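Worksheet for the structure shown next.
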There are 2 protein chains.
Amino acid sequence: MSDQKLKPRLPRGLVDRGPAEIAATRRMLEKIQAVYERYGFEPVETPAIEFTDALGKFLPDQDRPNEGVFSFQDDDEQWLSLRYDLTAPLARYVAENFDALPKPYRSYRAGYVFRNEKPGPGRFRQFMQFDADTVGSATMAADAEICMMAADTMEALGIPRGSYVVKVNNRKVLDGLLESIKLTGPDNELKRLTVLRAMDKFDRLGRGGVQQLLGEGRKDESGDFTRGAGLNAAAIETVLSVFANVPASENKLAHIQARLKDSETGQRGLQELEEIWSLVNASGYGDGRVVIDPSVVRGLEYYTGPVYEIELTFQVQGGQDGTPRFGSVGGGGRYDGLVSRFRPEPVPATGFSIGVSRLQAALSYLGKLESTADLGPVVVTVLDRARIADYQRFVARLRADGIRAELYLGSGKMAAQFKYADRRNSPCVIIQGSDEQQRGEVQIKDLIEGARAAGAIASNQQWRESRPAQFAVPEASLVEAVREILARHGAR
Amino acid sequence: MSDQKLKPRLPRGLVDRGPAEIAATRRMLEKIQAVYERYGFEPVETPAIEFTDALGKFLPDQDRPNEGVFSFQDDDEQWLSLRYDLTAPLARYVAENFDALPKPYRSYRAGYVFRNEKPGPGRFRQFMQFDADTVGSATMAADAEICMMAADTMEALGIPRGSYVVKVNNRKVLDGLLESIKLTGPDNELKRLTVLRAMDKFDRLGRGGVQQLLGEGRKDESGDFTRGAGLNAAAIETVLSVFANVPASENKLAHIQARLKDSETGQRGLQELEEIWSLVNASGYGDGRVVIDPSVVRGLEYYTGPVYEIELTFQVQGGQDGTPRFGSVGGGGRYDGLVSRFRPEPVPATGFSIGVSRLQAALSYLGKLESTADLGPVVVTVLDRARIADYQRFVARLRADGIRAELYLGSGKMAAQFKYADRRNSPCVIIQGSDEQQRGEVQIKDLIEGARAAGAIASNQQWRESRPAQFAVPEASLVEAVREILARHGAR
């Protein structure tokens, strides 16, 4: 081993997670899972690695994988990649097991995904998603169901009604809008992307910012200029109409109806939206839990019909970029083309994804992840190293009774052992010196009671004399006495 | 989209997992976790990706990572790797958070690890490990504790006492053995490895096979010849003495004591073994749950003292290679050098790892993973597509009452819908045609009762007339009636 020590560190954008965070995630996932199970969805799990081409992540016209994904070649020189979402692997899975799966196939899965991108605040290179998808159903009832499930999920997590909203739009409505301002044909593809990207920034930039990006362009605070889509004033007005502050979902539909009357695609999209809206309404979710919002863009990739977004609407102190709302914690849409990449027949599919870390941050902000701080294990101290086997026996007895307990395994003296127990949040420590041993007793010190009492004690001498919250019990009563202390402090 | 369809497939050595397997793993992990928690261990999670050098997986004297690990460069051209076990990342984690962690630090973690190796039967390129480690304790009590915890874990999983054994050895005992046959110094390094590798094959090849590998070499069934270590007869006898069929752990210690009397390292190892044995015994685990076995080698990598192996000892029908026992499901040992790669001070550590898939296979073989096959969701059929919103309302009512329920989302006719419900293992389906609607009723068909009755019915006509297990209830009683059916079939 060289003298030059390695630096222990993680690559940027990757994080370790400790007990409190792990426990909170676990509780969260269980609640989400319970809702999905209730809706008849079943779990499935795919590996973290897939063939790069199965993920559709080769650079166009190149033999090299997309830069955004982590890719490597195996010993057969085949390109493999770490999954960057849970949708592409699901499409591969469904295509591969098409005949064996019930159709429509409802499934859910939670797992880590990986992005080979510049990390930043809140942007990680490994993060968890929780997805639910219905494959093999073309009906809008599948999309409506997912929106309602998203709403139920938010409430199961403790987010009060009114503090979240599931917004629904349809990609065909957006396409229709672009059609009605004559942005059609392959020549206008880049322009169309620029318009959608501009719309997607409404939450952050507001009406004025989007207006600039739809027109000549926009200079940000740092002075950087982003070129706009170069639309004329009338076209800009048409695009901005989807952001109009029209209150009810029905009115929103009517409001954009006018702008879409010349576009067949737009009309189809509108009809799909109306269908979803009628189903959502019939089940009572039209009360503000699920709303129609023609301004939702939801990424630019593979969506072909309905798109949805789960937004948390409560105010946050010091939110990023001054946004007063927490914002999106998930979303999804219909991706009818993704499974068909592998299959001869059309395979309609729709689904959504929850950003677990982001949602966890929100729940933590709302105080919904708190749990009675679990007490640590009982610590059996080692006063006499020669008698470690005896101490070990005390530990074994406590554990056999289901009590979290450990033997102090370090090399420190009693003061260090007490400090360790404090750090572990132990309810009590067990001590046995030779006097106690001769009397067949053990000393138990209640650390929580002791800490309370310590506040009330004036001098060191008084402390030593009173030995607060420390008492002796016969060895045979050890388990019982510890149980009493645990009960006193409300341990599980 | 091109006409040439992609083939949906996974790279070799990677697998998808369905609901039954996922549920079984979940139950298993929960039981293991409960034991570890009881021992005072706390969870920690590290990411799947680490710096390659932090994993210690660069090829010796090269700037290229080891072939056995999946490695890639990020946009800063730094080498990253997927973790190939959970021990190296823990060492990095502890070193990075050294001052903040309680010491000794007991932790556990389950997660996927990745190997860039040729997959084979039972050998995967992604698989799950469940580890527990104690870092910062040099005492043998830490090792003894891990062995007892391993035993408790097996029993918590339902493996009966006597069907498993935790075998303990010490790397220093093996080193002492090599010393006593004069295999010392750097020149003999390869020979030492050959001897240890030969010993490690005892379970598979038996005494005769190992004897050949310690001597001139061995020709296997296929005719391939493996060159041996070239030891003389006396040295071979000494090495083989550790496999002697000596019954009790105490006697095993005495038996090898004689062979190690000239080796200081061997004596130290023996003393450590005795210490573990006395602790294990004092806690009552010396009854066959934990045994001393000087033949355990447990890999060749980083262990510096005690090594342990969890073996399942029950007989298996048609076991691999004719072995009558299930074999190893996990193990570990003391690795005092691993954290010290990053730190100036020595950091002793010991821990063990359970191969989750292998253990799951064993539990499944023992019938310990069975659960009452969960009933699928109630399926609300779609008899009249125009009335889908009404049907959706039935579903919503069932779900609101906590009943797993779904609307049929496919395009099939009633026969297909019933088939779908069967495939989903539904307890019952809900049907409402115009007649029922007018009467304010729904039809409920109990699919389980129906299947039973079907066996007893002779003709198609009789079938149609009797409509087995199908009945009408008022709409308002839907939830109640479904609850009754679920209760009848013992659903959760």
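The values are calculated or read from the model by the stated rules, or taken from the named source; none is laboratory data. Everything numeric here is computed off the predicted structure, so don't read it as measured data. Here the Cβ is made from the backbone with ideal geometry for all residues, glycine too, and neighbour counts use every protein chain on show.
Annotations for the structure displayed:
Residue-wise test of (1) touching a residue at least 40 places away in the same chain (Cβ under 8 Å); (2) buried (at least 20 other Cβ atoms within 10 Å of the Cβ); (3) within 11 Å of chain A (Cβ to nearest Cβ); (4) within 30 Å of residue B:31 (Cβ to Cβ).
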position	(1), (2), (3), (4)
B:370	no, no, no, yes
B:384	yes, no, no, no
B:404	no, yes, yes, yes
B:423	no, no, yes, no
B:430	yes, yes, no, no
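- Answer residue from the range B:1-29, given it is under 20 Å from residue B:367 (Cβ atoms) and more than 10 Å from chain A (Cβ to nearest Cβ) and is surrounded by the most Cβ atoms within 10 Å (Cβ to Cβ) among those: B:28
- The set of residues in the range A:4-63 being of a type in the set (Asp, Glu) and not in a loop (DSSP other than H, G, I, E, B) consists of A:21, A:30, A:37, A:42, A:45, A:50.
- Residues in the range B:386-402 that are within 23 Å of residue B:19 (Cβ to Cβ) and crowded, with 17+ Cβ neighbours inside 10 Å: B:395, B:398, B:399.
- Only one of the numbered conditions (1) more than 7 Å from chain A (Cβ to nearest Cβ); (2) surrounded by fewer than 19 Cβ atoms within 10 Å (Cβ to Cβ); (3) under 29 Å from residue B:346 (Cβ atoms) is not met by residue B:65, and that is (2).
- Residues satisfying the stated conditions in the range A:263-316, i.e. among the charged types (D, E, K, R) and not in a loop (DSSP other than H, G, I, E, B): A:264, A:268, A:272, A:274, A:275, A:309, A:311
- Residue count for the range B:254-281 under the criterion of being aliphatic (A, V, I, L, M) and surrounded by fewer than 18 Cβ atoms within 10 Å (Cβ to Cβ): the result is 2.
- The range B:30-52, subset more than 9 Å from chain A (Cβ to nearest Cβ) and among the polar types (S, T, N, Q), residue farthest from the chain's Cα centre (by Cα): B:52
For (1) of a type in the set (Val, Ile, Thr); (2) in the same structural domain as residue B:148 (by TED's automatic domain parsing); (3) outside any helix (DSSP H, G or I); (4) under 31 Å from the mean Cα position of the chain (by Cα), each residue gets a yes or a no:
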position	(1), (2), (3), (4)
B:382	yes, no, yes, no
B:387	no, no, no, no
B:395	yes, no, no, no
B:406	no, no, yes, no
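- Given (1) within 24 Å of residue B:112 (Cα to Cα); (2) in contact with a Ser or Thr (Cβ under 7 Å, 6 or more places away or on another chain); (3) modelled with pLDDT under 95, index of the condition residue A:58 fails: (1)
- Restricting attention to the range B:141-176 and to residues that are among the hydrophobic types (A, V, I, L, M, F, W, C) and under 14 Å from residue B:38 (Cα atoms), the residue that is surrounded by the fewest Cβ atoms within 10 Å (Cβ to Cβ) turns out to be B:156.
- Residue that is modelled with the highest pLDDT [pool: residues in the range A:102-123 that are more than 9 Å from chain B (Cβ to nearest Cβ) and in a loop (DSSP other than H, G, I, E, B)]: A:115
- In the range A:436-492, the residue that is modelled with the lowest pLDDT out of those that are among the acidic types (Asp, Glu) and part of a helix (DSSP H, G or I) is A:465.
- Selection within the range B:124-134 - buried (at least 24 other Cβ atoms within 10 Å of the Cβ) and at the interface with chain A (Cβ under 10 Å from one of its Cβ atoms): B:134
- Restricting the range A:348-365 to residues that are within 26 Å of residue A:304 (Cα to Cα) and either polar (S, T, N, Q) or not assigned by TED's automatic domain parsing to the domain that holds residue A:304 (or both), the residue that is farthest from the chain's Cα centre (by Cα): A:350
- Test for residue A:107: is it over 26 Å from the mean Cα position of the chain (by Cα) and either buried (at least 22 other Cβ atoms within 10 Å of the Cβ) or within 24 Å of residue A:328 (Cα to Cα) (or both): no
- Selection within the range A:136-169 - more than 12 Å from chain B (Cβ to nearest Cβ), part of a loop (DSSP other than H, G, I, E, B) and touching a residue at least 40 places away in the same chain (Cβ under 8 Å): A:157, A:158, A:159, A:161, A:162, A:163
- Any hit, the range B:214-225, residues being away from every other protein chain (no Cβ under 14 Å) and either in a helix (DSSP H, G or I) or β-branched (Val, Ile, Thr) (or both): yes
- Residue in the range A:75-96 that is within 7 Å of chain B (Cβ to nearest Cβ), part of a loop (DSSP other than H, G, I, E, B) and touching a helix residue (DSSP H, G or I) at 6+ places or on another chain (Cβ under 8 Å) present: no
- Note on the range B:228-248: residues that are surrounded by 21 or more Cβ atoms within 10 Å (Cβ to Cβ) and within 36 Å of the chain's Cα centre (by Cα) total 4.
- Top-ranked residue in the range B:329-357 [being in contact (Cβ under 8 Å) with a residue 12 or more places away in the chain and assigned to a helix (DSSP H, G or I); ranked as nearest to residue B:91 (Cα to Cα)]: B:339
- Taken together, the criteria place residue A:183 among residues that are more than 14 Å from chain B (Cβ to nearest Cβ), of a type outside the set (Lys, Arg), over 18 Å from residue A:304 (Cβ atoms) and assigned to a loop (DSSP other than H, G, I, E, B).
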